[in-house]
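What follows is a short report on a single structure.
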Amino acid sequence: MPATTDKKPNVSIRNCEVGDMAAIQRIYAHYVENSLASFEEMPPSAEEMANRRDIILQKNHPYIVAEMDGKVVGFAYASTFRPRSAYRFTVEDSIYVDPAVIGKGIGSALIERLINICSEMGFHQMVAVIGGNENSYSIKLHERFGFVQAGILDDAGYKFERWVNAIIMQRSLVQITGEDEEPAI
């Protein structure tokens, strides 16, 4: 019997393009329909996902995809955390990975790139809002990249006929070396 190898897949991360939206919608729909990773209850269409992407890009926030063997297998973006102007240096991350490739480093590649992009852009903080205490994959992923739990919103959502907590995690995107200057975002 030939020996098997656990070779790490060849994953590339790039900016999201309009042509990626069908794959992104398929990945996201899985989480909407089957998990607490999203508090949406009905999957949005690819057109709606494209509209959301456009809003993120218009605000000069990053939206990226992971590709493996020429196929989109995950996506991530940073969006406005809150609409008030004083929050303009804080972003919220969103990361979704095709369930067929969970555990292959796709989430890690996406979050690492997203953190680096947001840091280079001058954002100060990144926040993750994770649905449900049992979403251990996402919690552990964020912990590996320096996020710490900042709070829990008990019973913040209602999905699958039950109340669901929202776990708030946060990490700094800059190293403070004295007085912070306002970034040119």
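Readers should treat all values here as calculations from the given coordinates under stated rules, not as data from a laboratory. Bear in mind the structure is a predicted one, so any value in this text is a computation, not a measurement. Ideal geometry is used to build each Cβ from the backbone, glycine not excepted, and the neighbour counts take in all protein chains shown.
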Listing ASP54, ASP98 from the residue with the fewest other Cβ atoms within 10 Å to the one with the most, what is the order?
ASP54, ASP98
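Full extension from ARG26 to GLU161: what is 0.36 nm times the residue separation minus their Cα-Cα distance, to one decimal in nm?
46.2 nm
List ILE56, ILE24 from most exposed to least, where exposure is judged by having the fewest other Cβ atoms within 10 Å. Can you show the working numbers first?
On the way: ILE56 18, ILE24 22.
So the residues, fewest neighbours to most, are ILE56, ILE24.
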Count of lysine pairs in the stretch 4-135 with Cα separation under 25 Å (8 or more residues apart, or interchain)
5
Order of ARG171, ARG82 from fewest to most other C-beta atoms within 10 Å?
ARG82, ARG171
